[in-house]
Amino acid sequence: MNKSKHRTKFQIIADMLFTAGKGSKKTHIMYGANLSYKLVCQYLKDLLECGLVRHASGEYSVTEKGREFIRKYREYSESRKELREQINEINNKKLTLEKFISE
């Protein structure tokens, strides 16, 4: 999902929720979200406490609140991407202006 070397907490949570879907075991979430066992346990505890996932019959599944998080995360991610593109465009215009005064 993310190409940068370090993921944010939001990215990790989104990766876990995408992987958990309608039901996944802890190891599936661990591999799908590319986390260590220790980290997946820590995050799952937090996600259970805040109601983003539920645990039943040995599987974790995304709650309605978790699906809302995913929707909001996608909006946030898209806005970040658009903003990055705008910043790149502005920086390119700045470089063009700098060429005028450096020649």
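Just so you know, all these numbers are worked out from the coordinates, no wet-lab data involved. For clarity, every value in this text was computed on a predicted model and none was experimentally measured. All Cβ positions, glycine included, derive from the backbone under ideal geometry; neighbour counts span all protein chains shown.
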Using a 7 Å offset from the Cα along the Cα-to-Cβ direction at both Lys26 and Glu75, what is the distance between the two label points in nm, to one decimal? 3.4
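Which links in Lys38/Lys81; Lys5/Lys99; Lys9/Lys81; Lys72/Lys94 stretch past 23 Å when you go from one Cα to the other?
Pairs exceeding 23 Å: Lys38/Lys81; Lys5/Lys99; Lys72/Lys94.
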Linear extension gain, Ser36 paired with Lys94, 0.36 nm per residue minus alpha-carbon span: 16.6 nm
How long is the gain from Glu82 to His6 if the chain were fully straight, where each residue apart is worth 0.36 nm and the alpha carbon distance is subtracted? 25.4 nm
Once every Cα of the chain carries one equal point scatterer and solvent is ignored, give the base-10 log of I(q)/I(0) from the Debye formula at q = 0.11, 0.19, 0.20 Å⁻¹, two decimals. -0.44, -0.90, -0.97
Could you work out which residue, out of Gly58, Gly21, Gly32, moves most in a Gaussian network model of the chain, that is, has the largest mean-square fluctuation with Cα springs under 10 Å? Gly58
For Lys65, give me every one of the aspartates and glutamates with a C-alpha distance below 16 angstrom, ignoring sequence neighbours fewer than eight places off in its own chain. Asp15, Asp46, Glu49, Glu75
